[in-house]
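As C-alpha coordinates, the structure follows; a few thoughts come after it.
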(Lines give C-alpha, C1' and ligand atoms only; values in the text may rest on other atoms or scores of the structure.)
Protein backbone atom coordinates (compact mmCIF):
# COMPACT_ATOMS: atom_id res chain seq x y z
CA UNK A 1 0.00 0.00 0.00
CA UNK A 2 1.23 3.43 -0.91
CA UNK A 3 1.64 6.02 1.79
CA UNK A 4 -0.23 8.70 -0.12
CA UNK A 5 -3.60 7.49 -1.24
CA UNK A 6 -4.57 8.70 -4.71
CA UNK A 7 -7.33 11.27 -4.66
CA UNK A 8 -10.76 10.04 -5.66
CA UNK A 9 -11.47 13.00 -7.84
CA UNK A 10 -9.32 15.86 -9.06
CA UNK A 11 -10.74 18.63 -11.21
CA UNK A 12 -8.18 21.05 -12.56
CA UNK A 13 -9.07 24.43 -14.11
CA UNK A 14 -12.15 23.02 -15.77
CA UNK A 15 -13.83 25.13 -18.43
CA UNK A 16 -17.27 24.52 -19.90
CA UNK A 17 -18.61 26.69 -22.69
CA UNK A 18 -22.10 26.54 -24.16
CA UNK A 19 -21.98 28.35 -27.50
CA UNK A 20 -20.25 31.52 -26.37
CA UNK A 21 -21.36 31.40 -22.75
CA UNK A 22 -18.69 30.36 -20.28
CA UNK A 23 -20.60 28.31 -17.72
CA UNK A 24 -17.49 27.22 -15.84
CA UNK A 25 -14.46 29.47 -15.57
CA UNK A 26 -11.47 27.43 -14.52
CA UNK A 27 -12.80 25.58 -11.48
CA UNK A 28 -10.49 23.28 -9.52
CA UNK A 29 -11.22 20.94 -6.67
CA UNK A 30 -10.00 17.69 -5.20
CA UNK A 31 -11.88 15.11 -3.18
CA UNK A 32 -10.27 12.39 -1.07
CA UNK A 33 -11.65 8.84 -1.11
CA UNK A 34 -14.51 8.47 1.34
CA UNK A 35 -14.91 12.21 1.64
CA UNK A 36 -18.11 14.11 1.13
CA UNK A 37 -17.65 17.38 -0.73
CA UNK A 38 -20.38 19.99 -1.22
CA UNK A 39 -21.00 22.57 -3.92
CA UNK A 40 -23.21 25.53 -3.03
CA UNK A 41 -24.39 28.49 -5.03
CA UNK A 42 -27.42 30.17 -6.55
CA UNK A 43 -28.99 29.03 -9.81
CA UNK A 44 -26.69 29.76 -12.71
CA UNK A 45 -23.57 29.54 -10.57
CA UNK A 46 -22.34 26.48 -12.48
CA UNK A 47 -22.54 23.98 -9.64
CA UNK A 48 -24.72 21.53 -11.56
CA UNK A 49 -22.69 22.10 -14.73
CA UNK A 50 -19.56 21.04 -12.86
CA UNK A 51 -21.25 17.82 -11.80
CA UNK A 52 -22.54 17.16 -15.29
CA UNK A 53 -19.13 17.87 -16.79
CA UNK A 54 -17.60 15.21 -14.54
CA UNK A 55 -20.29 12.74 -15.60
CA UNK A 56 -19.62 13.57 -19.24
CA UNK A 57 -22.93 15.34 -19.78
CA UNK A 58 -21.55 18.82 -20.48
CA UNK A 59 -19.04 19.91 -23.15
CA UNK A 60 -15.68 20.63 -21.52
CA UNK A 61 -13.44 23.06 -23.37
CA UNK A 62 -10.43 23.13 -21.08
CA UNK A 63 -8.86 21.72 -17.96
CA UNK A 64 -8.80 18.13 -16.84
CA UNK A 65 -10.70 15.65 -14.67
CA UNK A 66 -8.92 12.76 -12.93
CA UNK A 67 -10.93 9.97 -11.32
CA UNK A 68 -9.15 7.51 -9.02
CA UNK A 69 -5.83 8.44 -10.58
CA UNK A 70 -7.01 8.03 -14.17
CA UNK A 71 -7.15 11.07 -16.44
CA UNK A 72 -10.45 11.25 -18.33
CA UNK A 73 -10.46 11.75 -22.08
CA UNK A 74 -13.17 13.14 -24.27
CA UNK A 75 -15.17 9.92 -24.24
CA UNK A 76 -16.11 8.15 -21.05
CA UNK A 77 -15.40 4.43 -20.90
CA UNK A 78 -17.80 1.84 -19.58
CA UNK A 79 -15.46 1.31 -16.65
CA UNK A 80 -15.86 4.99 -15.77
CA UNK A 81 -19.61 4.62 -15.39
CA UNK A 82 -19.11 1.70 -13.04
CA UNK A 83 -16.97 3.94 -10.86
CA UNK A 84 -19.05 7.11 -11.04
CA UNK A 85 -22.83 7.30 -10.83
CA UNK A 86 -25.17 10.24 -10.58
CA UNK A 87 -28.46 10.91 -8.79
CA UNK A 88 -30.53 13.69 -10.28
CA UNK A 89 -32.64 16.36 -8.69
CA UNK A 90 -36.08 15.55 -9.93
CA UNK A 91 -37.22 12.03 -9.10
CA UNK A 92 -40.29 12.64 -11.26
CA UNK A 93 -38.21 13.28 -14.35
CA UNK A 94 -35.30 10.88 -13.95
CA UNK A 95 -37.16 7.56 -13.93
CA UNK A 96 -38.61 6.05 -17.10
CA UNK A 97 -42.40 6.33 -16.79
CA UNK A 98 -43.12 3.13 -18.76
CA UNK A 99 -40.63 0.89 -16.98
CA UNK A 100 -41.12 -0.97 -13.74
CA UNK A 101 -38.63 -0.57 -10.91
CA UNK A 102 -37.34 -4.03 -11.89
CA UNK A 103 -36.57 -2.94 -15.47
CA UNK A 104 -34.98 0.29 -14.22
CA UNK A 105 -32.60 -1.63 -11.98
CA UNK A 106 -31.99 -4.39 -14.53
CA UNK A 107 -30.78 -2.10 -17.29
CA UNK A 108 -27.47 -0.96 -15.75
CA UNK A 109 -26.72 -4.55 -14.72
CA UNK A 110 -27.37 -5.84 -18.22
CA UNK A 111 -25.29 -3.06 -19.81
CA UNK A 112 -22.32 -3.88 -17.63
CA UNK A 113 -22.82 -7.65 -17.77
CA UNK A 114 -23.18 -8.31 -14.07
CA UNK A 115 -23.93 -11.85 -12.88
CA UNK A 116 -26.51 -12.69 -10.13
CA UNK A 117 -28.99 -10.12 -11.43
CA UNK A 118 -31.85 -11.42 -9.31
CA UNK A 119 -29.91 -11.21 -6.07
CA UNK A 120 -28.50 -7.79 -6.81
CA UNK A 121 -31.86 -6.23 -7.54
CA UNK A 122 -33.34 -7.54 -4.32
CA UNK A 123 -30.34 -6.40 -2.34
CA UNK A 124 -30.38 -2.93 -3.92
CA UNK A 125 -34.05 -2.47 -3.04
CA UNK A 126 -33.45 -3.71 0.45
CA UNK A 127 -30.52 -1.37 0.92
CA UNK A 128 -32.55 1.77 0.14
CA UNK A 129 -35.33 0.65 2.48
CA UNK A 130 -37.83 -0.46 -0.14
CA UNK A 131 -39.09 -4.01 0.20
CA UNK A 132 -39.27 -6.48 -2.67
CA UNK A 133 -42.95 -5.56 -2.99
CA UNK A 134 -41.84 -2.41 -4.82
CA UNK A 135 -40.06 -4.39 -7.51
CA UNK A 136 -42.82 -4.54 -10.07
CA UNK A 137 -44.29 -1.11 -9.60
CA UNK A 138 -44.15 1.76 -12.05
CA UNK A 139 -42.67 5.06 -10.95
CA UNK A 140 -46.06 6.81 -10.99
CA UNK A 141 -47.15 4.39 -8.27
CA UNK A 142 -44.45 5.70 -5.95
CA UNK A 143 -44.21 8.83 -3.83
CA UNK A 144 -41.45 11.38 -4.41
CA UNK A 145 -39.32 9.99 -1.60
CA UNK A 146 -39.73 6.42 -2.83
CA UNK A 147 -38.78 7.46 -6.36
CA UNK A 148 -35.62 9.11 -5.11
CA UNK A 149 -34.81 5.87 -3.26
CA UNK A 150 -35.20 3.97 -6.53
CA UNK A 151 -32.90 6.47 -8.24
CA UNK A 152 -30.34 5.94 -5.48
CA UNK A 153 -30.71 2.16 -5.79
CA UNK A 154 -30.14 2.41 -9.53
CA UNK A 155 -26.96 4.40 -8.96
CA UNK A 156 -25.69 2.01 -6.28
CA UNK A 157 -26.43 -1.22 -8.08
CA UNK A 158 -23.22 -0.91 -10.13
CA UNK A 159 -21.21 -0.61 -6.92
CA UNK A 160 -19.61 2.72 -7.83
CA UNK A 161 -17.00 4.38 -5.66
CA UNK A 162 -18.08 7.93 -6.40
CA UNK A 163 -21.62 9.24 -6.25
CA UNK A 164 -22.52 12.57 -7.86
CA UNK A 165 -25.61 14.02 -6.19
CA UNK A 166 -27.38 16.89 -7.92
CA UNK A 167 -29.82 18.44 -5.40
CA UNK A 168 -31.02 14.98 -4.35
CA UNK A 169 -33.60 16.27 -1.88
CA UNK A 170 -34.70 19.69 -3.09
CA UNK A 171 -37.89 18.32 -4.67
CA UNK A 172 -38.88 16.56 -1.45
CA UNK A 173 -40.75 17.58 1.69
CA UNK A 174 -38.62 18.41 4.73
CA UNK A 175 -39.63 15.22 6.53
CA UNK A 176 -38.87 13.05 3.50
CA UNK A 177 -35.64 14.98 2.94
CA UNK A 178 -34.49 13.90 6.40
CA UNK A 179 -35.12 10.24 5.53
CA UNK A 180 -33.24 10.43 2.23
CA UNK A 181 -30.31 12.32 3.78
CA UNK A 182 -30.07 9.69 6.53
CA UNK A 183 -30.13 6.95 3.90
CA UNK A 184 -27.34 8.62 1.91
CA UNK A 185 -25.19 9.03 5.01
CA UNK A 186 -25.66 5.43 6.00
CA UNK A 187 -24.78 4.16 2.53
CA UNK A 188 -21.68 6.31 2.45
CA UNK A 189 -20.58 4.87 5.77
CA UNK A 190 -21.33 1.27 4.84
CA UNK A 191 -19.77 1.35 1.38
CA UNK A 192 -17.04 3.94 1.99
CA UNK A 193 -18.33 6.02 -0.91
CA UNK A 194 -17.10 9.38 -2.06
CA UNK A 195 -19.81 12.00 -2.43
CA UNK A 196 -19.82 15.13 -4.52
CA UNK A 197 -23.06 16.85 -3.64
CA UNK A 198 -24.70 19.94 -5.10
CA UNK A 199 -27.29 21.88 -3.17
CA UNK A 200 -28.58 25.41 -2.89
CA UNK A 201 -29.33 24.76 0.78
CA UNK A 202 -26.38 25.59 3.02
CA UNK A 203 -27.89 23.67 5.92
CA UNK A 204 -28.15 20.47 3.88
CA UNK A 205 -24.59 20.77 2.61
CA UNK A 206 -23.07 21.47 6.01
CA UNK A 207 -25.02 18.55 7.40
CA UNK A 208 -23.77 16.13 4.75
CA UNK A 209 -20.31 17.37 3.80
CA UNK A 210 -16.96 17.89 5.48
CA UNK A 211 -15.73 20.48 3.04
CA UNK A 212 -17.55 22.68 0.58
CA UNK A 213 -17.03 25.16 -2.18
CA UNK A 214 -19.18 28.23 -2.74
CA UNK A 215 -19.64 29.09 -6.40
CA UNK A 216 -20.90 32.13 -8.27
CA UNK A 217 -20.97 32.91 -11.99
CA UNK A 218 -19.15 29.72 -12.89
CA UNK A 219 -16.18 30.35 -10.62
CA UNK A 220 -15.11 29.52 -7.11
CA UNK A 221 -15.91 32.13 -4.47
CA UNK A 222 -14.53 30.36 -1.46
CA UNK A 223 -13.56 26.90 -0.24
CA UNK A 224 -14.07 26.12 3.42
CA UNK A 225 -14.83 23.37 5.90
CA UNK A 226 -18.32 22.80 7.21
CA UNK A 227 -17.05 23.45 10.75
CA UNK A 228 -15.76 26.89 9.75
CA UNK A 229 -19.04 27.70 8.10
CA UNK A 230 -20.93 26.73 11.24
CA UNK A 231 -18.69 29.08 13.22
CA UNK A 232 -19.34 31.83 10.64
CA UNK A 233 -15.65 31.89 9.81
CA UNK A 234 -16.11 33.04 6.23
CA UNK A 235 -13.98 35.48 4.31
CA UNK A 236 -16.20 36.43 1.39
CA UNK A 237 -19.25 38.69 1.55
CA UNK A 238 -21.11 36.46 -0.85
CA UNK A 239 -20.85 33.48 1.49
CA UNK A 240 -21.89 35.67 4.40
CA UNK A 241 -25.01 36.76 2.49
CA UNK A 242 -25.86 33.14 1.81
CA UNK A 243 -25.47 32.36 5.50
CA UNK A 244 -27.73 35.23 6.53
CA UNK A 245 -30.29 34.27 3.92
CA UNK A 246 -30.40 30.67 5.11
CA UNK A 247 -31.41 31.80 8.57
CA UNK A 248 -34.83 32.93 7.44
CA UNK A 249 -36.62 36.21 7.12
CA UNK A 250 -35.69 38.98 9.50
CA UNK A 251 -38.15 41.81 9.67
CA UNK A 252 -36.50 45.20 9.63
CA UNK A 253 -37.37 47.22 12.70
CA UNK A 254 -40.86 48.47 12.14
CA UNK A 255 -42.61 51.02 14.29
CA UNK A 256 -45.69 49.35 15.72
CA UNK A 257 -48.66 49.96 13.45
CA UNK B 1 -58.96 43.88 14.42
CA UNK B 2 -61.69 43.52 11.84
CA UNK B 3 -62.26 40.09 10.41
CA UNK B 4 -61.70 39.86 6.70
CA UNK B 5 -62.23 36.19 6.09
CA UNK B 6 -64.08 33.57 8.09
CA UNK B 7 -63.66 29.92 7.21
CA UNK B 8 -65.64 27.36 9.13
CA UNK B 9 -65.65 23.62 8.51
CA UNK B 10 -64.32 23.87 4.94
CA UNK B 11 -64.27 20.56 3.08
CA UNK B 12 -62.95 19.80 -0.39
CA UNK B 13 -63.67 16.38 -1.90
CA UNK B 14 -62.49 14.91 -5.17
CA UNK B 15 -64.47 12.03 -6.60
CA UNK B 16 -62.12 9.56 -8.27
CA UNK B 17 -62.47 6.13 -9.83
CA UNK B 18 -61.37 4.53 -6.59
CA UNK B 19 -63.65 6.52 -4.33
CA UNK B 20 -63.85 9.98 -2.82
CA UNK B 21 -60.60 11.65 -1.79
CA UNK B 22 -60.98 14.11 1.07
CA UNK B 23 -58.35 16.75 0.35
CA UNK B 24 -59.54 19.20 3.00
CA UNK B 25 -61.49 17.90 5.96
CA UNK B 26 -63.08 20.54 8.14
CA UNK B 27 -60.71 23.49 8.23
CA UNK B 28 -61.74 26.53 10.26
CA UNK B 29 -59.92 29.80 10.82
CA UNK B 30 -60.44 33.54 10.70
CA UNK B 31 -58.18 36.11 9.15
CA UNK B 32 -57.90 39.79 9.89
CA UNK B 33 -55.43 42.21 8.35
CA UNK B 34 -52.50 40.06 9.35
CA UNK B 35 -50.04 37.50 8.01
CA UNK B 36 -51.26 33.96 8.44
CA UNK B 37 -49.05 31.02 7.49
CA UNK B 38 -50.38 27.61 6.45
CA UNK B 39 -47.75 24.88 6.68
CA UNK B 40 -47.83 21.21 5.83
CA UNK B 41 -46.31 18.52 3.66
CA UNK B 42 -47.39 17.83 0.11
CA UNK B 43 -50.84 16.35 0.18
CA UNK B 44 -51.80 17.98 3.46
CA UNK B 45 -54.48 20.10 1.77
CA UNK B 46 -52.82 23.47 2.31
CA UNK B 47 -52.92 24.49 -1.35
CA UNK B 48 -56.47 23.20 -1.82
CA UNK B 49 -57.55 25.36 1.13
CA UNK B 50 -56.11 28.41 -0.62
CA UNK B 51 -57.62 27.46 -3.95
CA UNK B 52 -61.05 26.91 -2.43
CA UNK B 53 -61.01 30.42 -0.97
CA UNK B 54 -59.88 31.81 -4.30
CA UNK B 55 -62.47 29.77 -6.20
CA UNK B 56 -59.96 27.87 -8.31
CA UNK B 57 -60.90 24.34 -7.30
CA UNK B 58 -61.50 22.11 -10.35
CA UNK B 59 -65.21 21.99 -11.24
CA UNK B 60 -65.63 18.27 -10.51
CA UNK B 61 -64.57 18.72 -6.88
CA UNK B 62 -67.15 19.22 -4.18
CA UNK B 63 -66.70 22.13 -1.77
CA UNK B 64 -68.78 22.43 1.35
CA UNK B 65 -68.43 24.79 4.29
CA UNK B 66 -70.53 25.98 7.14
CA UNK B 67 -69.17 29.46 6.51
CA UNK B 68 -66.87 30.82 3.84
CA UNK B 69 -67.30 34.49 4.33
CA UNK B 70 -65.22 37.25 2.79
CA UNK B 71 -66.06 40.73 4.06
CA UNK B 72 -69.74 39.94 4.52
CA UNK B 73 -70.12 37.96 1.29
CA UNK B 74 -70.79 34.23 1.37
CA UNK B 75 -68.35 33.00 -1.25
CA UNK B 76 -70.24 29.76 -1.85
CA UNK B 77 -73.61 31.48 -2.42
CA UNK B 78 -72.70 34.37 -4.71
CA UNK B 79 -72.98 34.01 -8.48
CA UNK B 80 -70.07 32.99 -10.68
CA UNK B 81 -69.97 36.50 -12.14
CA UNK B 82 -69.74 38.05 -8.71
CA UNK B 83 -67.02 35.60 -7.77
CA UNK B 84 -65.09 36.57 -10.89
CA UNK B 85 -65.31 40.23 -10.02
CA UNK B 86 -63.79 39.47 -6.62
CA UNK B 87 -61.06 37.26 -7.98
CA UNK B 88 -58.02 39.24 -9.06
CA UNK B 89 -59.64 42.39 -7.73
CA UNK B 90 -60.25 42.05 -3.99
CA UNK B 91 -58.79 38.57 -3.57
CA UNK B 92 -55.56 37.79 -5.39
CA UNK B 93 -53.25 34.79 -5.50
CA UNK B 94 -49.54 34.42 -6.14
CA UNK B 95 -48.50 31.02 -7.44
CA UNK B 96 -45.31 29.12 -6.95
CA UNK B 97 -43.43 29.24 -10.21
CA UNK B 98 -43.44 32.33 -12.43
CA UNK B 99 -42.19 30.13 -15.28
CA UNK B 100 -45.55 28.39 -15.48
CA UNK B 101 -47.96 30.96 -14.16
CA UNK B 102 -47.17 33.87 -16.49
CA UNK B 103 -48.39 33.88 -20.07
CA UNK B 104 -45.33 33.07 -22.19
CA UNK B 105 -46.50 34.82 -25.36
CA UNK B 106 -47.54 38.13 -23.82
CA UNK B 107 -45.24 40.85 -22.56
CA UNK B 108 -45.14 41.35 -18.81
CA UNK B 109 -46.54 44.85 -19.09
CA UNK B 110 -49.51 43.77 -21.19
CA UNK B 111 -50.37 41.04 -18.69
CA UNK B 112 -50.42 43.52 -15.84
CA UNK B 113 -52.49 45.99 -17.85
CA UNK B 114 -54.93 43.23 -18.75
CA UNK B 115 -55.53 42.49 -15.07
CA UNK B 116 -56.05 46.15 -14.29
CA UNK B 117 -58.40 46.90 -17.19
CA UNK B 118 -60.49 43.82 -16.43
CA UNK B 119 -61.41 45.25 -13.08
CA UNK B 120 -61.19 49.02 -13.48
CA UNK B 121 -62.16 51.44 -16.22
CA UNK B 122 -58.91 53.21 -16.95
CA UNK B 123 -57.44 54.59 -20.15
CA UNK B 124 -54.63 52.70 -21.86
CA UNK B 125 -52.14 55.41 -21.09
CA UNK B 126 -53.07 55.46 -17.44
CA UNK B 127 -53.02 51.68 -17.19
CA UNK B 128 -49.51 51.66 -18.62
CA UNK B 129 -48.40 54.28 -16.16
CA UNK B 130 -49.87 52.41 -13.21
CA UNK B 131 -48.31 49.13 -14.37
CA UNK B 132 -44.89 50.76 -14.55
CA UNK B 133 -45.37 52.33 -11.13
CA UNK B 134 -46.33 48.94 -9.76
CA UNK B 135 -43.26 47.30 -11.31
CA UNK B 136 -41.18 49.98 -9.62
CA UNK B 137 -42.97 49.29 -6.34
CA UNK B 138 -41.82 45.66 -6.42
CA UNK B 139 -38.28 46.98 -6.81
CA UNK B 140 -37.68 46.24 -10.44
CA UNK B 141 -34.89 48.58 -11.36
CA UNK B 142 -35.74 49.44 -14.94
CA UNK B 143 -39.56 49.11 -15.08
CA UNK B 144 -39.92 50.72 -18.53
CA UNK B 145 -37.68 48.05 -20.04
CA UNK B 146 -39.17 45.13 -18.11
CA UNK B 147 -42.67 46.24 -19.17
CA UNK B 148 -41.90 45.17 -22.74
CA UNK B 149 -40.08 41.95 -21.91
CA UNK B 150 -41.59 38.49 -22.18
CA UNK B 151 -41.48 36.11 -19.20
CA UNK B 152 -38.70 33.95 -20.68
CA UNK B 153 -36.44 37.00 -20.87
CA UNK B 154 -36.38 37.59 -17.12
CA UNK B 155 -34.94 35.63 -14.20
CA UNK B 156 -37.06 33.67 -11.74
CA UNK B 157 -36.85 36.36 -9.07
CA UNK B 158 -37.81 39.06 -11.55
CA UNK B 159 -40.69 36.94 -12.87
CA UNK B 160 -42.01 36.43 -9.36
CA UNK B 161 -41.84 40.19 -8.75
CA UNK B 162 -43.77 40.78 -11.97
CA UNK B 163 -46.33 38.25 -10.74
CA UNK B 164 -46.63 40.09 -7.43
CA UNK B 165 -47.01 43.38 -9.29
CA UNK B 166 -49.79 41.89 -11.39
CA UNK B 167 -51.61 40.62 -8.33
CA UNK B 168 -51.30 43.84 -6.37
CA UNK B 169 -52.17 46.33 -9.09
CA UNK B 170 -55.88 46.19 -8.27
CA UNK B 171 -55.15 46.74 -4.58
CA UNK B 172 -56.59 43.47 -3.20
CA UNK B 173 -57.59 43.21 0.44
CA UNK B 174 -56.75 39.54 0.68
CA UNK B 175 -53.63 38.02 -0.85
CA UNK B 176 -53.10 34.28 -0.99
CA UNK B 177 -49.49 33.37 -1.67
CA UNK B 178 -49.03 29.69 -2.50
CA UNK B 179 -45.34 28.84 -2.07
CA UNK B 180 -44.36 32.22 -3.55
CA UNK B 181 -40.65 31.74 -2.97
CA UNK B 182 -40.08 27.99 -3.20
CA UNK B 183 -38.81 28.14 -6.77
CA UNK B 184 -36.34 30.93 -6.00
CA UNK B 185 -32.78 31.08 -4.70
CA UNK B 186 -32.38 31.76 -0.98
CA UNK B 187 -31.01 35.26 -1.47
CA UNK B 188 -33.74 36.19 -3.95
CA UNK B 189 -36.29 34.58 -1.64
CA UNK B 190 -35.57 37.17 1.03
CA UNK B 191 -35.88 40.06 -1.46
CA UNK B 192 -39.30 38.84 -2.53
CA UNK B 193 -40.40 38.35 1.07
CA UNK B 194 -39.23 41.83 1.98
CA UNK B 195 -41.30 43.29 -0.86
CA UNK B 196 -44.34 41.30 0.20
CA UNK B 197 -43.84 42.32 3.80
CA UNK B 198 -43.68 46.04 2.96
CA UNK B 199 -46.71 45.89 0.69
CA UNK B 200 -48.78 43.98 3.22
CA UNK B 201 -47.88 46.45 5.94
CA UNK B 202 -48.35 49.61 3.89
CA UNK B 203 -51.62 48.56 2.31
CA UNK B 204 -53.11 46.78 5.30
CA UNK B 205 -53.79 43.57 3.41
CA UNK B 206 -54.62 40.19 4.85
CA UNK B 207 -52.08 37.62 3.72
CA UNK B 208 -52.33 33.84 3.65
CA UNK B 209 -48.84 32.45 3.13
CA UNK B 210 -48.87 28.79 2.13
CA UNK B 211 -45.55 26.97 2.37
CA UNK B 212 -43.92 23.69 3.29
CA UNK B 213 -41.05 25.52 4.98
CA UNK B 214 -42.00 25.85 8.62
CA UNK B 215 -38.98 27.89 9.56
CA UNK B 216 -39.42 30.41 6.79
CA UNK B 217 -43.11 30.82 7.59
CA UNK B 218 -42.48 31.28 11.29
CA UNK B 219 -39.97 34.04 10.60
CA UNK B 220 -42.39 35.84 8.30
CA UNK B 221 -45.93 35.37 9.60
CA UNK B 222 -47.76 36.40 12.76
CA UNK B 223 -49.70 33.20 13.16
CA UNK B 224 -49.16 29.70 11.78
CA UNK B 225 -51.65 26.93 11.02
CA UNK B 226 -50.13 23.48 10.71
CA UNK B 227 -52.05 21.05 8.51
CA UNK B 228 -51.81 17.29 8.29
CA UNK B 229 -53.95 14.99 6.15
CA UNK B 230 -56.48 17.69 5.32
CA UNK B 231 -57.12 19.15 8.72
CA UNK B 232 -55.54 21.54 11.20
CA UNK B 233 -53.43 19.86 13.86
CA UNK B 234 -52.19 23.01 15.51
CA UNK B 235 -52.61 26.76 15.39
CA UNK B 236 -49.90 28.75 17.07
CA UNK B 237 -48.43 32.26 17.21
CA UNK B 238 -45.26 32.27 15.14
CA UNK B 239 -43.14 33.47 18.03
CA UNK B 240 -44.25 30.51 20.17
CA UNK B 241 -43.43 27.95 17.51
CA UNK B 242 -40.52 26.48 19.44
CA UNK B 243 -43.06 25.61 22.15
CA UNK B 244 -45.27 23.77 19.68
CA UNK B 245 -47.17 21.00 21.40
CA UNK B 246 -48.23 18.73 18.60
CA UNK B 247 -45.66 16.03 17.81
CA UNK B 248 -46.16 16.61 14.08
CA UNK B 249 -45.19 20.28 14.37
CA UNK B 250 -42.21 19.38 16.51
CA UNK B 251 -41.24 16.68 14.03
CA UNK B 252 -41.38 19.12 11.12
CA UNK B 253 -39.18 21.55 13.03
CA UNK B 254 -36.62 18.96 14.10
CA UNK B 255 -36.19 17.09 10.84
CA UNK B 256 -34.51 20.01 9.09
CA UNK B 257 -30.74 20.10 9.14
CA UNK B 258 -29.43 23.22 10.81
CA UNK B 259 -26.08 24.93 10.34
CA UNK B 260 -23.99 24.29 13.40
CA UNK B 261 -26.24 21.60 14.84
CA UNK B 262 -24.67 18.19 14.65
CA UNK B 263 -27.52 15.72 14.50
CA UNK B 264 -26.61 12.46 12.82
CA UNK B 265 -28.87 10.85 11.80
CA UNK B 266 -31.57 13.48 11.47
CA UNK B 267 -34.72 12.77 13.47
CA UNK B 268 -37.46 11.57 11.14
CA UNK B 269 -41.19 11.90 11.49
CA UNK B 270 -42.87 8.97 13.13
CA UNK B 271 -46.34 9.36 11.66
CA UNK B 272 -49.09 8.31 13.99
CA UNK B 273 -52.45 7.24 12.55
CA UNK B 274 -54.30 9.22 15.21
CA UNK B 275 -52.94 12.52 13.81
CA UNK B 276 -55.11 12.05 10.78
CA UNK B 277 -58.22 11.39 12.84
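Is it the case that residue B:207 is closer than 18 Å to residue B:100 by Cα and either part of a helix (DSSP H, G or I) or in the same structural domain as residue B:85 (by TED's automatic domain parsing) (or both)?
Considered against the rule, which asks whether it is closer than 18 Å to residue B:100 by Cα and either part of a helix (DSSP H, G or I) or in the same structural domain as residue B:85 (by TED's automatic domain parsing) (or both), residue B:207 comes out as no.
Any idea how many residues of region A:145-190 are in a helix (DSSP H, G or I) and farther than 24 Å from residue B:271 by Cβ?
Of the residues in region A:145-190, 6 are in a helix (DSSP H, G or I) and farther than 24 Å from residue B:271 by Cβ.
How about region B:246-271: which of its residues are more than 20 Å from residue A:172 (Cα to Cα) and either outside the structural domain of residue B:38 (by TED's automatic domain parsing) or modelled with pLDDT under 90 (or both)?
Once the filter is applied, which keeps residues that are more than 20 Å from residue A:172 (Cα to Cα) and either outside the structural domain of residue B:38 (by TED's automatic domain parsing) or modelled with pLDDT under 90 (or both), region B:246-271 yields B:260, B:261, B:262.
Here's a check for you: in region B:226-258, which residue that is part of a loop (DSSP other than H, G, I, E, B) and surrounded by fewer than 19 Cβ atoms within 10 Å (Cβ to Cβ) is nearest to the other protein chains (Cβ to nearest Cβ)?
In this case the residue turns out to be B:258.
For region A:11-89, which fully contained strands (runs of 3 or more DSSP E) count at least 1 residues that are farther than 27 Å from residue A:227 by Cβ?
Because the criterion is at least 1 residues that are farther than 27 Å from residue A:227 by Cβ, the strands (runs of 3 or more DSSP E) in region A:11-89 that meet it are A:21-31, A:60-67, A:84-87.
Which condition breaks for residue B:34 when tested against (1) surrounded by 14 or more Cβ atoms within 10 Å (Cβ to Cβ); (2) more than 14 Å from every other protein chain (Cβ to nearest Cβ); (3) farther than 18 Å from residue B:246 by Cβ?
Evaluating residue B:34 over (1) surrounded by 14 or more Cβ atoms within 10 Å (Cβ to Cβ); (2) more than 14 Å from every other protein chain (Cβ to nearest Cβ); (3) farther than 18 Å from residue B:246 by Cβ leaves (2) as the failure.
Anything in region A:40-51 that is in contact with a strand residue (DSSP E or B) (Cβ under 9 Å, 6 or more places away or on another chain) and more than 15 Å from residue A:25 (Cα to Cα)? List them, or say none.
Those that are in contact with a strand residue (DSSP E or B) (Cβ under 9 Å, 6 or more places away or on another chain) and more than 15 Å from residue A:25 (Cα to Cα): A:40, A:42.
Starting from residues that are at the interface with chain A (Cβ under 8 Å from one of its Cβ atoms) and surrounded by fewer than 20 Cβ atoms within 10 Å (Cβ to Cβ), keep the ones in region B:264-276 and report whichever is nearest to residue A:229 (Cα to Cα).
Looking at the filtered set, the residue picked out is B:264.
Within region A:170-187, is there a residue that is more than 13 Å from every other protein chain (Cβ to nearest Cβ), in contact with a strand residue (DSSP E or B) (Cβ under 9 Å, 6 or more places away or on another chain) and within 20 Å of residue A:121 (Cβ to Cβ)?
No, region A:170-187 has no match at all.
Anything in region B:59-79 that is surrounded by fewer than 16 Cβ atoms within 10 Å (Cβ to Cβ), in contact (Cβ under 8 Å) with a residue 24 or more places away in the chain and over 19 Å from residue B:206 (Cβ atoms)? List them, or say none.
Of everything in region B:59-79, those that are surrounded by fewer than 16 Cβ atoms within 10 Å (Cβ to Cβ), in contact (Cβ under 8 Å) with a residue 24 or more places away in the chain and over 19 Å from residue B:206 (Cβ atoms) turn out to be B:60, B:62, B:64, B:66.
Hey, does region A:48-66 have a residue that's touching a residue at least 60 places away in the same chain (Cβ under 8 Å), more than 28 Å from residue A:114 (Cα to Cα), surrounded by 14 or more Cβ atoms within 10 Å (Cβ to Cβ) and more than 14 Å from chain B (Cβ to nearest Cβ)?
Checking region A:48-66: at least one residue is touching a residue at least 60 places away in the same chain (Cβ under 8 Å), more than 28 Å from residue A:114 (Cα to Cα), surrounded by 14 or more Cβ atoms within 10 Å (Cβ to Cβ) and more than 14 Å from chain B (Cβ to nearest Cβ).
Yes or no: region B:42-62 includes at least one residue that is in contact with a helix residue (DSSP H, G or I) (Cβ under 6 Å, 6 or more places away or on another chain) and assigned to a strand (DSSP E or B).
So far as region B:42-62 goes, no, none of its residues is in contact with a helix residue (DSSP H, G or I) (Cβ under 6 Å, 6 or more places away or on another chain) and assigned to a strand (DSSP E or B).
Can you name the number of the only condition in (1) part of a helix (DSSP H, G or I); (2) within 12 Å of chain A (Cβ to nearest Cβ); (3) in contact with a strand residue (DSSP E or B) (Cβ under 9 Å, 6 or more places away or on another chain); (4) under 21 Å from residue A:249 (Cβ atoms) that residue B:195 fails?
(3)
Could you list all residues from region A:211-239 that are touching a residue at least 60 places away in the same chain (Cβ under 8 Å), closer than 24 Å to residue A:32 by Cα and assigned to a loop (DSSP other than H, G, I, E, B)?
Of everything in region A:211-239, just one residue is touching a residue at least 60 places away in the same chain (Cβ under 8 Å), closer than 24 Å to residue A:32 by Cα and assigned to a loop (DSSP other than H, G, I, E, B), namely A:218.
Go through region A:191-200 and give me each residue that's in contact (Cβ under 8 Å) with a residue 60 or more places away in the chain and outside any strand (DSSP E or B).
Passing the criteria: A:192, A:193, A:200.
Please state which one of B:201, B:215 is out of contact with any helix residue (DSSP H, G or I) (no Cβ under 8 Å at 6 or more places or on another chain) and outside any loop (DSSP other than H, G, I, E, B).
B:201
The values are calculated or read from the model by the stated rules, or taken from the named source; none is laboratory data. Predicted model, so just to flag it, every value in this text is computed and none were measured. Glycine also receives a Cβ, built like all others from the backbone with ideal geometry; neighbour counts cover every protein chain displayed.
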